[in-house]
Amino acid sequence: MLLRRLAGPLAGILIPYIIYEYLRRQSAWDVRLFLPHGHFYIVSVVALLAVTIAFAVGVAGRRTRNIKVSFLALAFISLAEIFMVHGLSTPNLILHQTHVPGVMAPLSVIATTFWLWLSTFPADHRLVVYFAKHERLLLPVWTTILALLGTLVMLQPHLLEFIKLDVYPLNGAITIVIASLNLHTMYRYFQSYAYSRFPLQIAIVYSAGWLIVSQVIMVTGESWRLSWWIYHFLLLSSMIVMVGGLIKQYGANRSLTGAMRALFTLDPYEQITNSISPSVKALMIATESKDLYTAGHNFRVTVYALKIAEQLQIRPDQLRAVAQGTIIHDIGKLEIADEILNKPGKLTVEERAKIEMHPTRGYEMCRNLGFMKEELDIIRSHHEKWNGEGYPDRLRGEQIPRLARIVAVADVYDALTSDRAYRKAMTHQEAMQFLKDHKGTHFEPACVEAWEKVADQVPDINRQVSSMYDQKIATA
């Protein structure tokens, strides 16, 4: 099974390399194609396209609150801007014969490789958390830095004369580093893909492999030969396949327009009812299909949590975090046996212990899928209690992440007002009394008080939200 899954990526990587080696050894076929204008136009068009895509992907990363997508945008912009300088410095066009093209081509692969490699780090890694705090600045600042450097290089090409990225042995060392980082990237993303089957993950596997082949061709190929041209098209292919992966993963109707429209909605309720990305929806459906109780539970808890968050005047970006994290807060139940999840009677101590592992299991799953810290906090800490008697970490008071405190109230309210195999649902009034009685012990008082205000404004909120869910199912 593993070999069958590996067959596609291995073939996609090895076939272009085999073609390159075959052409290189067949001198009669490996003709010299000195097409400076063609080279300029191909590289420039590809680069301009990549810049446009990079900004779309960058905004998408913020809208989906997925730091991996943001790193993907930085990889795009690195390839685009640096490779554009490679095209602009084509000999005898804007500049005469210079050292610039030979430096900028491998530099574009190095920068792209770095950001792809960084995207393999767990979302709670210290470096990733640092970048996530400055996510809004990442794309504009990095774009500006590259633009300034590119302009400087075009105006003062002699500044690169001391950089010998295209000469032995430095080019060999760089190739080893690029191959190592991309192989690590491929391994980590293939591991995640084997579990989650997210299209973007397998797209990055192919792209990272093509970056390796491109670097090898840069080092071993002869400029302007037919075989040498292959790496230009491999870099183009790497961009195209990542865009395809992005569209499949985040575009509900499998088009770039649809992906952007779904991603850029400002209304968090619309994100829940209409525009949950296919990847997040797949996780939600997988959980609901395994645990009969959670059918509709994820949706209702998300709406309740958003109502509480709005009452507490949470920022819009945090509202999106509530929506993204709460809709899959029970994802860890995927690793709990069906007979335990759907047991009609009371759980044994051992079974209860296994159930209580689901927050950490879900956290471990999602930290490698690019979910940001706030979403991870919800997944891990929504069963913590204000008095420190919750699980899995026995956090107390404000040690519990704020969004998790909000979700705890919403989660328990929905549990109480839903039928279970071993008990009937409480009424709205009974559930509200339970929350009030446990204010300051199980729940943060401010979150319960916010929910009381919501309930006062909409007395039959549980019926309204259930009806909203039924309509969603009917029109799905």
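There is no residue in segment 143-164 that is on the phi > 0 side of the Ramachandran plot and at pLDDT below 80. Looking at segment 325-335, is at least one residue outside any helix (DSSP H, G or I), surrounded by fewer than 16 Cβ atoms within 10 Å (Cβ to Cβ) and out of contact with any Leu (no Cβ under 6 Å at 6 or more places or on another chain)? Checked segment 325-335: no residue is outside any helix (DSSP H, G or I), surrounded by fewer than 16 Cβ atoms within 10 Å (Cβ to Cβ) and out of contact with any Leu (no Cβ under 6 Å at 6 or more places or on another chain). Yes or no: His428 more than 15 Å from Val301 (Cα to Cα) and of a type outside the set (D, E, K, R)? It is false that His428 is more than 15 Å from Val301 (Cα to Cα) and of a type outside the set (D, E, K, R). Applying the condition of being aliphatic (A, V, I, L, M) and under 18 Å from the mean Cα position of the chain (by Cα) to segment 346-399 and asking which residue is farthest from Tyr189 (Cα to Cα) yields Ile378. The condition of being surrounded by fewer than 20 Cβ atoms within 10 Å (Cβ to Cβ) and assigned by TED's automatic domain parsing to the domain that holds Val43 holds for only one of Val128, Val100, Val141, that being Val141.
May I ask you to verify whether Pro401 is touching a strand residue (DSSP E or B) at 6+ places or on another chain (Cβ under 7 Å), surrounded by fewer than 21 Cβ atoms within 10 Å (Cβ to Cβ) and over 17 Å from Arg300 (Cβ atoms)? So Pro401 does not fit the description; no.
Of everything in segment 66-97 that is surrounded by 23 or more Cβ atoms within 10 Å (Cβ to Cβ) and outside any helix (DSSP H, G or I), the residue that is farthest from the chain's Cα centre (by Cα) is Ser89.
One residue stands out among those in segment 347-377 that are farther than 22 Å from Ala408 by Cα and in contact (Cβ under 8 Å) with a residue 24 or more places away in the chain: the one that is surrounded by the fewest Cβ atoms within 10 Å (Cβ to Cβ), which is Asn368. For segment 402-432, the tally of residues that are more than 19 Å from Lys307 (Cβ to Cβ) and either among the small types (Gly, Ala, Ser) or assigned to a helix (DSSP H, G or I) (or both) stands at 3.
Taken over segment 208-235, the criterion of being over 12 Å from Leu33 (Cβ atoms), touching a helix residue (DSSP H, G or I) at 6+ places or on another chain (Cβ under 6 Å) and of a type in the set (Val, Ile, Thr) is satisfied by Ile212, Val213, Ile217, Val219. Given the structure, is Glu384 part of a helix (DSSP H, G or I) and either modelled with pLDDT under 90 or not assigned by TED's automatic domain parsing to the domain that holds Val69 (or both)? It is false that Glu384 is part of a helix (DSSP H, G or I) and either modelled with pLDDT under 90 or not assigned by TED's automatic domain parsing to the domain that holds Val69 (or both). Hey, any hits in segment 182-201 for a residue that's within 30 Å of Gln97 (Cα to Cα) and in a helix (DSSP H, G or I)? The answer is no; no qualifying residue exists. Residues of segment 337-346 that are touching a residue at least 24 places away in the same chain (Cβ under 8 Å) and either crowded, with 16+ Cβ neighbours inside 10 Å or farther than 15 Å from His297 by Cβ (or both): Asp338, Leu341, Lys343, Pro344, Gly345, Lys346. Would it be correct to say that Ala455 is within 26 Å of the chain's Cα centre (by Cα) and assigned to a helix (DSSP H, G or I)? So Ala455 does not fit the description; no.
The values are calculated or read from the model by the stated rules, or taken from the named source; none is laboratory data. As the structure is a prediction and not an experimental result, all values here were calculated from the model. Reconstructed Cβ throughout: ideal geometry from the backbone, glycine too, with neighbour counts over all protein chains shown.
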